[in-house]
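Below you'll find the structure, written out as structure tokens, and then a few comments.
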Amino acid sequence: MQSKATTPEEYIAEMPADRQKVFTDLRKAIKKNIPKGFKEGMTYGMIGYFVPHSIYPAGYHCDPKQPLPFVNMASQKNGISFYHMGIYSNEKLKNWFLEEYTKLGIGKPDMGKGCIRFKNPEKIPVKLIGELMSKITVEEWVAYVDKFWTNRKATKAKK
């Protein structure tokens, strides 16, 4: 279920008490480490970090009215989900994250392509998430997205 909260503070206030602290800690780690240019806000009913239209006017390809997404985090029925588009799109970054996660001795992460699901809020590696946030700049993310869509259009044109 998507939240109707209009600010990250409202979003955190409406979630169960056992998740509020970890969300606050995650938010602090992200804001401390995320490169300049990314903005925080509510996107898709979750707390999001994105490239604003002032930097990337094209916006999100699926809905150009939306800014270009980078990271989202959500309190969901079965836990906390952390969506990182860089992990989804960059195999080297994903491998780095998995290696560092393994070193923590908290088991294997429950991951999809770009989603990391945490059923136990106490096992969220807040410091590692903070470090992950520092690995891609706005310029690198925009360049990747532009290159991806240019290549995709060229491939479709050849068919």
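The values are calculated or read from the model by the stated rules, or taken from the named source; none is laboratory data. The structure displayed is predicted, hence computed values, not measured ones. Cβ placement follows ideal geometry from the backbone for every residue including glycine, while neighbour counts extend to all protein chains displayed. With ligands, DNA and RNA removed, areas are computed over all heavy atoms of the protein, side chains included. Shrake-Rupley method; radii C 1.70, N 1.55, O 1.52, S 1.80 Å.
Regarding HIS53, is this residue without any contact (Cβ under 8 Å) to a residue 60 or more places away in the chain, within 15 Å of the chain's Cα centre (by Cα) and under 27 Å from THR24 (Cα atoms)? Let's see the steps before the verdict.
Working: without any contact (Cβ under 8 Å) to a residue 60 or more places away in the chain: yes; within 15 Å of the chain's Cα centre (by Cα): no; under 27 Å from THR24 (Cα atoms): yes.
When the stated conditions are applied, HIS53 does not pass them.
Can you spot a residue in region 119-133 that is open to solvent by less than 80 Å² (accessible area, probe 1.4 Å), within 23 Å of LYS28 (Cα to Cα) and in contact with a Pro (Cβ under 7 Å, 6 or more places away or on another chain)? Within region 119-133, none of the residues are open to solvent by less than 80 Å² (accessible area, probe 1.4 Å), within 23 Å of LYS28 (Cα to Cα) and in contact with a Pro (Cβ under 7 Å, 6 or more places away or on another chain).
Which members of region 39-66 meet the condition of being open to solvent by less than 20 Å² (accessible area, probe 1.4 Å), over 17 Å from GLY114 (Cα atoms) and not small (Gly, Ala, Ser)?
Applying the first criterion (open to solvent by less than 20 Å² (accessible area, probe 1.4 Å)) to region 39-66 yields 41, 43, 45, 47-49, 51-52, 59.
Next cut, over 17 Å from GLY114 (Cα atoms) only: 41, 45, 51-52, 59.
VAL51, PRO52, listed by residue number.
Residue-wise test of (1) assigned to a helix (DSSP H, G or I); (2) within 30 Å of PRO57 (Cα to Cα); (3) of a type in the set (Phe, Trp, Tyr).
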position: LEU93; (1), (2), (3): yes, yes, no
position: LYS108; (1), (2), (3): no, no, no
position: GLU122; (1), (2), (3): yes, no, no
position: LEU128; (1), (2), (3): yes, no, no
position: VAL145; (1), (2), (3): yes, yes, no
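Could you check region 62-82 and list, in sequence order, the residues that are part of a strand (DSSP E or B) and over 18 Å from MET133 (Cα atoms)? Even if it seems obvious, please write down each step before you answer.
Step one: list which residues in region 62-82 are part of a strand (DSSP E or B), which gives 63, 68-76, 79-82.
Within region 62-82, ASP63, SER75, GLN76, GLY79 qualify.
Taking first residues from region 128-148 that are closer than 29 Å to THR102 by Cα and partners that are among the aromatic types (Phe, Trp, Tyr), the Cβ contacts under 7 Å between residues at least 6 apart in sequence or on separate chains come to LEU128/TYR101; ILE129/PHE82; LEU132/PHE97; VAL138/PHE38; TRP141/PHE70.
Within region 95-106, the residues that satisfy the criterion of being open to solvent by 80 Å² or more (accessible area, probe 1.4 Å) and either of a type in the set (Asp, Glu) or outside any helix (DSSP H, G or I) (or both) are GLU99, LEU104. Taking region 71-88 as the range and being open to solvent by less than 10 Å² (accessible area, probe 1.4 Å) and closer than 26 Å to ASP18 by Cα as the test, the residues that pass are VAL71, MET73, ALA74, GLY79, ILE80, SER81, PHE82, HIS84.
With the structure loaded, tell me whether GLU91 is open to solvent by 80 Å² or more (accessible area, probe 1.4 Å), farther than 22 Å from LYS4 by Cβ and within 16 Å of the chain's Cα centre (by Cα) or whether it fails that test. Here the answer is yes, as GLU91 does meet what is asked. Residues that are polar (S, T, N, Q) and closer than 14 Å to GLY48 by Cα within region 75-93 comprise SER75, SER81, listed in sequence order. Within region 2-20, track down each residue that is under 21 Å from ASN78 (Cβ atoms) and either in contact (Cβ under 8 Å) with a residue 24 or more places away in the chain or buried (at least 17 other Cβ atoms within 10 Å of the Cβ) (or both). If the condition is that a residue be under 21 Å from ASN78 (Cβ atoms) and either in contact (Cβ under 8 Å) with a residue 24 or more places away in the chain or buried (at least 17 other Cβ atoms within 10 Å of the Cβ) (or both), then GLN2, SER3, LYS4, ALA5, TYR11, ILE12, MET15, PRO16, ASP18, ARG19 are the ones that fit.
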